[in-house]
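Here the structure is laid out as structure tokens; the discussion comes afterwards.
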Amino acid sequence: MKKNYIKIWTMGMLSLLTILASCSDDYLDKEIYGRKSTEEFYKTDQDAFRATIAVYDILQYHYNTGWSSNYLVKTLPSDEGTAGGGGSGDQPQYQNLDDYTYDSQNGGVLGTWRMAYFGIFRANKVINLVEPENDFRKALIAESKALRAHNYFELVSMFGDVPLILAEPDQSAYEQERVASNVVYDQIEKDLREAIELLPLKSEYSAADQFRVSKGTAQALLGKAYLYQQQWDSAAYFLDAVIASNEYDLHDNYADNWTEAGELGKESVFEVQFVSSVGFDWGNFPWDNGRLQESNIHIQLMGPRGGFYEPAPGDSLIAGWGFLYPSEELYDAFVNAGDSARKVNTLMSEAELVAAGGAWTGENVWDYHGFIRRKYGTYSNQTNTDAVAELNYATNWRLIRYADVLLMAAEAFYNAGNEGRALTELNKVRDRADLEDVAASGTALFEAIVTERQLELAFEGFRFLDLIRWGRASQELSDLGFVEGKHNLFPIPFDDVIRGNLGQNDKW
């Protein structure tokens, strides 16, 4: 068989060589229309703008020829919920993250790692190849620096020491080494400080451009970077700059954050925008190339599982594919806090579903514990029902809301010794939730901030990293499988470790 295979291959190659030899040089040497080389591109304002939008495009890259959303990678190891799905073999990369059985070959972890570096690659192109000849281009370079900083923050907060690539390396430098996390943070700070000087305010963008990073976005990101490093004074300074700008405010009702009309609104500091990909159906959906997708299919993946879930009359939360069910612990946290305004927009119990006229018809459903998530829910008014509804959710990821800025500021001010400001910013968030003001001090005040972040920001991708940076992950997550000194950082993806000099994080 091997001999025959070689013979067939050889004959095929000979045929191909014969065809190529018979072709004229003119036939082979044809211009590829519509494509520019790197040397030809990045020359005009339009080139620079298109290249910058391409950096944003990578932020949508949560289904990239496979299910590897960094939102779920950061959420599933937390105590907020369980993986769900059809069983232990349904999307194993997500099941393993939920169960702490993941390793360096986990597809979700690899997708998160590569998503960030794809974004950095595109940002580097703008930063290094666009000539800052006018204010328009200078602002685009600033946007790209802020986006590069965002991607590096994702990497350093999840993986620790990572390769720091600021320009496209030549072939001799392809095997990069990791640099210390403090060096990565230094670059994040440098990029954001430079971006802050040139970025427009949110109010200076048109309605169509509200998804783009603004001065306030960069200030919030910089404040967050300092917060994660426990540099409290610097964190407080930049987060306070966002507050003092009067560019942002809380929506009057918490529910407004999760409507289509509330997207990119006054509470939005940084969002990833999706749209209904009209015309997508099962026959032409780009399963093999998720980068062509403009809709957020993870919303469908995370809806309550069809066949078991029946919505209450008048409720637009429809069925999905059953991933990310809430935990009883999270439900109890809302109940114990008397927080009904946010609970109803975050999750509900099966008993509440039935009381409203709906039903849960399944028994022994995988990873289901009697609770259904509503935040980032499969709402029928957020998808295009003219096509295939499952494939056309336009729900944005909210990366930074103003409420998060206020709570980060409260934490920074508390640790910087300004409890008065900490209480002020904390109580702004509580007032919107119709909760009594906190009047605590000392440790009790910090505990109030911790609880407030748990309730306000549930299912937004922060809880796991919050517990790690507070030193509470072992206390809260050990029963789920968390191992101190191992799961504090994600493993460097195996595919890239074996190709270079990256090494691996401890215990992986």
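So here's what we get for this one:
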item: Close pairs (7 angstrom Cβ cut-off, 6 or more residues apart or separate chains): on the phi > 0 side of the Ramachandran plot in region 486-508, open to solvent by 40 Å² or more (accessible area, probe 1.4 Å) and among the basic types (Lys, Arg) anywhere; result: Gly503/Arg178; Lys507/Lys486
item: Any hit, region 191-211, residues being within 30 Å of Asp431 (Cα to Cα), among the aliphatic types (A, V, I, L, M) and open to solvent by less than 10 Å² (accessible area, probe 1.4 Å); result: no
item: Flag for Tyr33 being over 30 Å from Arg472 (Cβ atoms), among the hydroxyl-bearing types (Ser, Thr, Tyr) and either in a loop (DSSP other than H, G, I, E, B) or at pLDDT 95 or above (or both); result: yes
item: Matching option when the condition is open to solvent by less than 20 Å² (accessible area, probe 1.4 Å) and not in a helix (DSSP H, G or I), among Tyr102, Tyr94; result: Tyr102
item: When residues of region 287-333 are limited to those that are polar (S, T, N, Q) and in a loop (DSSP other than H, G, I, E, B), the one farthest from the chain's Cα centre (by Cα); result: Ser316
item: Filtered residues of region 272-307 (kept if small (Gly, Ala, Ser) and either modelled with pLDDT of 90 or more or open to solvent by 10 Å² or more (accessible area, probe 1.4 Å) (or both)); result: Ser276, Ser277, Gly279, Gly283, Ser295, Gly303, Gly306, Gly307
item: Some residue of region 75-86 being more than 13 Å from the chain's Cα centre (by Cα), among the acidic types (Asp, Glu), surrounded by 21 or more Cβ atoms within 10 Å (Cβ to Cβ) and at pLDDT 95 or above; result: yes
item: Scan of region 316-360 for residues that are over 30 Å from Asp437 (Cβ atoms) and either at pLDDT below 95 or open to solvent by less than 40 Å² (accessible area, probe 1.4 Å) (or both), ordered by number; result: Ser316, Leu317, Ala319, Gly320, Gly322, Phe323, Leu324, Tyr325, Leu353, Gly358, Ala359, Trp360
item: Search result, residues across region 111-168 that are in a loop (DSSP other than H, G, I, E, B) and not polar (S, T, N, Q); result: Val130, Glu131, Pro132, Glu133, Gly160, Asp161, Pro163, Leu164, Ile165, Leu166, Ala167, Glu168
item: For Arg463: the one exception among (1) open to solvent by less than 10 Å² (accessible area, probe 1.4 Å); (2) touching a Ser or Thr at 6+ places or on another chain (Cβ under 8 Å); (3) at pLDDT 95 or above; result: (1)
item: Of all residues making up region 138-168, the number that are open to solvent by 20 Å² or more (accessible area, probe 1.4 Å), over 25 Å from Ile468 (Cα atoms) and not hydrophobic (A, V, I, L, M, F, W, C); result: 3
item: Candidates Tyr393, Tyr414 - the one that is crowded, with 23+ Cβ neighbours inside 10 Å and over 21 Å from Leu59 (Cα atoms); result: Tyr414
item: Wholly enclosed helices (runs of 4 or more DSSP H) of region 432-506 bearing at least 2 residues aliphatic (A, V, I, L, M); result: 442-456, 463-469, 473-477
item: Any hit, region 229-237, residues being of a type in the set (S, T, N, Q), closer than 26 Å to Phe413 by Cβ and under 21 Å from the mean Cα position of the chain (by Cα); result: yes
item: Residue within region 260-271 that is surrounded by fewer than 19 Cβ atoms within 10 Å (Cβ to Cβ), free of Cβ contacts under 8 Å to residues at least 60 places away in the same chain and out of contact with any helix residue (DSSP H, G or I) (no Cβ under 8 Å at 6 or more places or on another chain) present; result: yes
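Table: residues versus (1) closer than 26 Å to Asp437 by Cα; (2) within 22 Å of the chain's Cα centre (by Cα); (3) among the β-branched types (Val, Ile, Thr).
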site	(1), (2), (3)
Ala448	yes, no, no
Leu477	no, yes, no
Leu489	no, yes, no
Pro493	no, yes, no
Val497	no, no, yes
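The values are calculated or read from the model by the stated rules, or taken from the named source; none is laboratory data. Predicted model only: the values in this text are computed from it and were never measured. Cβ sites come from the backbone with ideal geometry, for glycine too, and all protein chains shown count toward neighbours. Surface areas here come from the heavy atoms of the whole protein model, side chains and all, with no ligands, DNA or RNA. Shrake-Rupley method; radii C 1.70, N 1.55, O 1.52, S 1.80 Å.
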